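Trainee: Can you read through this structure? Questions will come right after.
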Amino acid sequence: MLIQRLIDRYKTYRKTSFLNQPFNYKHQYAFIGTGQHSFSNLYPAIHYLGIPLKTICTRHLEHAQKMAARFPGCAGTDRLADIINDPAIKGVFVCATPVNHAAITRELLLAGKHVFVEKPPCFSLQELQNLIKLQGPQHGMPGLQKRFSPINKLLEPFRLKTTTYCYRYLTGAYPEGDAVFELFIHPVDNCIRLFGNIQNIQVNTSLKNNITCFLSIQHTNGITGMVHLSTDHSWQFPVDELEMNTPGAIFQASYPNKLISIEKSSRFLNIPLEKIFQTPVVKKVHLDNTGFIPVAGKNNLAMQGFSGEIAHFTNSVEQSKYSEQHSLQSLVTTYEVLEKIKTGIGNR
């Protein structure tokens, strides 16, 4: 009976916390954009978190009004000025056509709005620095969901113990946009977030059948890594994998759902004992999300990091507490690397 009462109390707490979410916000928010990425990932996360959207803006008024009908009390518009001139709107989500992100973000920051801008916020280091200068009490946060990946949270105690790592990020062709700033930004930023600033980098590229790059990276803390980036693979079988070598174990991550570690064998006089004795291999499964358990924390929006990044943005706005770790400034090193890649492929 006691166990059942505890279970019932936990379920009641969980239900109440979810139902009370819309009443926990002091401010109102707006959204700019109604594209496939926002439909699939950002709007569902906003709806789940109960974020009060007051206005949705797109170039096509009909699209904005139809999307706004999904959120209570929300209005659709095709005028950015309706958001800029509304003092009740404190935070704005921007997920429009990527080439328009910088101009929209600039106007919003100048109007004193806090901005969550989906990657990429811009397409050059100079543009990024210009946006950074516009921040004051208002701030900009780039939408890079892997920063909030459950895998990265699990790797936190081990990441700076890494000696070497290999990262593979392989997709199919990407003719509709800029693969470097729209795709490769994810693994490059992830390496910097996990292993620190970069001291030296060498870029080798191939333009045969789309883009393939190999990055040899030396971090300032002594960690070294090799990164393989390519759009000459497959969208049906994409690869987003990281292998970290630490003194005690090898970690293998397959984003967004799986993380395992394999313990290294002990040594005697630098001789691996596994070469002498037949000992079991110790393999730990830190995460293996099969989707079998239908709860929010195992949902793809959570595993990818979308719900985490959006919750972080609204918490920052609500509490007026902003972290440079997730600000536009945090992208400077990432953009330095991306520009070196662009130089290596001849700005293709």
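The values are calculated or read from the model by the stated rules, or taken from the named source; none is laboratory data. None of the values given here were measured: they were computed from a predicted structure. Glycine also receives a Cβ, built like all others from the backbone with ideal geometry; neighbour counts cover every protein chain displayed.
Trainee: Determine, yes or no, whether E263 is among the acidic types (D, E), farther than 28 Å from H37 by Cβ and either surrounded by 11 or more Cβ atoms within 10 Å (Cβ to Cβ) or at pLDDT 95 or above (or both).
Mentor: Values: among the acidic types (D, E): yes; farther than 28 Å from H37 by Cβ: yes; either surrounded by 11 or more Cβ atoms within 10 Å (Cβ to Cβ) or at pLDDT 95 or above (or both): yes.
For E263, the condition - among the acidic types (D, E), farther than 28 Å from H37 by Cβ and either surrounded by 11 or more Cβ atoms within 10 Å (Cβ to Cβ) or at pLDDT 95 or above (or both) - is met.
Trainee: With respect to the numbered conditions (1) more than 28 Å from S320 (Cβ to Cβ); (2) modelled with pLDDT of 95 or more, which one is the sole condition not fulfilled by S38?
Mentor: (1)
Trainee: Among the helices (runs of 4 or more DSSP H) contained in the range 1-75, which hold 1 or more residues that are in the same structural domain as A96 (by TED's automatic domain parsing), of a type in the set (A, V, I, L, M, F, W, C) and closer than 23 Å to K113 by Cα? So that I can check it myself, show each step before the final result.
Mentor: Numbers: elements: 2-19, 43-49, 61-68.
Qualifying helices (runs of 4 or more DSSP H): 43-49, 61-68.
Trainee: Pick out the one residue from V180, V188, V203 that is aliphatic (A, V, I, L, M) and either touching a Ser or Thr at 6+ places or on another chain (Cβ under 7 Å) or free of Cβ contacts under 8 Å to residues at least 24 places away in the same chain (or both). Let's see the steps before the verdict.
Mentor: Working: V180 fails: either touching a Ser or Thr at 6+ places or on another chain (Cβ under 7 Å) or free of Cβ contacts under 8 Å to residues at least 24 places away in the same chain (or both); V203 fails: either touching a Ser or Thr at 6+ places or on another chain (Cβ under 7 Å) or free of Cβ contacts under 8 Å to residues at least 24 places away in the same chain (or both).
Testing whether each residue is aliphatic (A, V, I, L, M) and either touching a Ser or Thr at 6+ places or on another chain (Cβ under 7 Å) or free of Cβ contacts under 8 Å to residues at least 24 places away in the same chain (or both) leaves just V188.
Trainee: Would you call F214 assigned by TED's automatic domain parsing to the domain that holds E339 and part of a strand (DSSP E or B)?
Mentor: When the stated conditions are applied, F214 passes them.
Trainee: Would you pick out the residues in the range 102-112 that are touching a residue at least 40 places away in the same chain (Cβ under 8 Å) and crowded, with 24+ Cβ neighbours inside 10 Å?
Mentor: So in the range 102-112, the residues touching a residue at least 40 places away in the same chain (Cβ under 8 Å) come out as 104.
Passing the criteria: none in range.
Trainee: Tell me the residue from A173, A179 that is among the small types (G, A, S) and surrounded by 17 or more Cβ atoms within 10 Å (Cβ to Cβ), please. Walk me through it before giving the result.
Mentor: Working: A173 fails: surrounded by 17 or more Cβ atoms within 10 Å (Cβ to Cβ).
Step by step, each of A173, A179 is checked, and only A179 is among the small types (G, A, S) and surrounded by 17 or more Cβ atoms within 10 Å (Cβ to Cβ).
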